[in-house]
Amino acid sequence: MRVRVFQIAVGPDKRANLDRVLRLLDSSDADLNVFPEYLMGVGPGGVDAEYARSLAEPLDGEFASSLLDKTRERGFAAAFTVYLREGEGVSNAAVLADRGRVLAVYRKIHLFDAFGYRESSVFKPGSEPAVARLENFTVGLAVCFDLRFPELFRAMARAGADLFLVPSAWYRGPYKVEQWKGLTSARAHENLAYLVAADQAGDRFIGHSVVVNPWGHALVDLGEGERALTAELDPSEVREAREAVRGLELARWDLYARWYARGGSP
């Protein structure tokens, strides 16, 4: 599978962002195209509740529908994010689409309530992982801060995921690049899966979008600027890694479940 990672800096205007993403898709010959978090827009003051609600749309709104139509027109798949309006709430959601069909919608479970920011004041949290089949891979979706929660990725791996897609807007700060690189590598290798993390560029975010193989090696690191790159993913590499390391096979799920059931006490 040919995967193209788009590392872009998103502006405040939703229509301009959509038009740009559509143009980028027109330039792609990949099987799967992956975009960052906050794709609808980032305001002058960041993403607060008022701004996110002003941009939010249902899944059949113009933003997602236009991207779905483009995947149908071009005959490929894309992973993108939306401020998803459902009833009175708004979710920070990742969508996996293939040739005009929605394969999966993931509503970000672990909201970024850290480093002095409260994403839970902007979005409502999701409650379920999302896994879907795409060509020769089983894809699991996560978003940005989810990288700090290995349980989510292990749950998706147990459900068959061997490719993780992680749209992100990883904020700058002390050691944030080191944390990003360590977490993306760990989530891939501990689950013996590929991981594609498309991060935003620009003044607020670190960039460094990566494609990590099942051995934890970053095949691609896009650095800080706006750029895109295509990588080839081979499902046989997943099989080889899982046969060699056997991490999923040897994990003691029964033991962990019993330990949790009694409160994690000795």
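What the Cβ-Cβ distance of residue 172 and residue 27 gives, at R0 = 25 Å and to the nearest 0.05, is a FRET efficiency of 0.35. Each part reduced to its alpha carbon centroid, the range 69-139 and the range 200-255 end up 19 Å apart. With the whole protein complex present, residue 178 retains an accessible surface near 120 Å², based on a 1.4 Å probe. Computed from Cα atoms alone, the Kirkwood hydrodynamic radius reported for the chain is 18.6 Å.
Phi angles across the range 214-227 convert, under the Karplus curve 6.51 cos²θ - 1.76 cosθ + 1.60 with θ = phi - 60°, into 3J(HN,Hα) values of x, 8, x, 8, 7, 6, 9, 9, 7, x, 9, x, 6, 6 Hz, Gly and Pro given as x.
Here the extension length gained between residue 151 and residue 255 equals 35.9 nm, from 0.36 nm per residue of separation less the Cα-Cα distance.
Rounded to the nearest Hz, the phi-derived 3J(HN,Hα) couplings of the range 121-132 under the Karplus curve 6.51 cos²θ - 1.76 cosθ + 1.60 (θ = phi - 60°) are 7, 10, 10, 8, x, x, 9, 9, x, 9, 9, 8, where x marks glycine and proline. Between residue 138 and 162, 163, the built amide H atoms are under 5 Å apart, and every one of these is 5 or more places off in sequence or on another chain. The modelled label-to-label distance for the pair residue 218/residue 179, using points 7 Å beyond Cα in the direction of Cβ, is 1.6 nm. Solvent exposure of the range 174-266, expressed per residue, is 52 Å² of accessible area, with all protein chains present and a 1.4 angstrom probe. Once you order the gyration tensor axes a ≥ b ≥ c over the Cα atoms, which shape class does the range 78-122 get: rounded for a/c under 1.5, otherwise prolate or oblate by comparing a/b with b/c? Verdict is prolate for the range 78-122.
Measuring nothing but how far apart in sequence close Cα pairs (under 8 Å, 6+ apart) lie, relative to its length, the chain scores a relative contact order of 18 percent.
In the range 1-105, the DSSP beta bridges split such that about 70 percent are antiparallel, to the nearest 5. Per-residue surface analysis assigns residue 127 an accessible area of about 110 Å², computed on protein heavy atoms at 1.4 Å probe radius. Cross-link partners of residue 108 among lysines, defined as those whose alpha carbon lies under 22 angstrom from its own and excluding same-chain residues fewer than eight positions apart: 14, 124, 176, 181. Accessible surface of the chain, 1.4 Å probe: 51 percent of it comes from carbon and sulfur atoms.
Just to verify a number: FRET efficiency for residue 226 and residue 159, C-beta to C-beta distance, R0 = 35 Å, to 0.05? It comes out at approximately 0.55. Here the chain carries DSSP beta bridges of which approximately 70% are antiparallel, counting only pairs with both residues inside.
The values are calculated or read from the model by the stated rules, or taken from the named source; none is laboratory data. What you are looking at is a predicted structure, and each value in this text was computed from that prediction instead of being measured. Reconstructed Cβ throughout: ideal geometry from the backbone, glycine too, with neighbour counts over all protein chains shown. Surface accessibility is based on the protein's heavy atoms, side chains included, excluding ligands, DNA and RNA. Shrake-Rupley method; radii C 1.70, N 1.55, O 1.52, S 1.80 Å.
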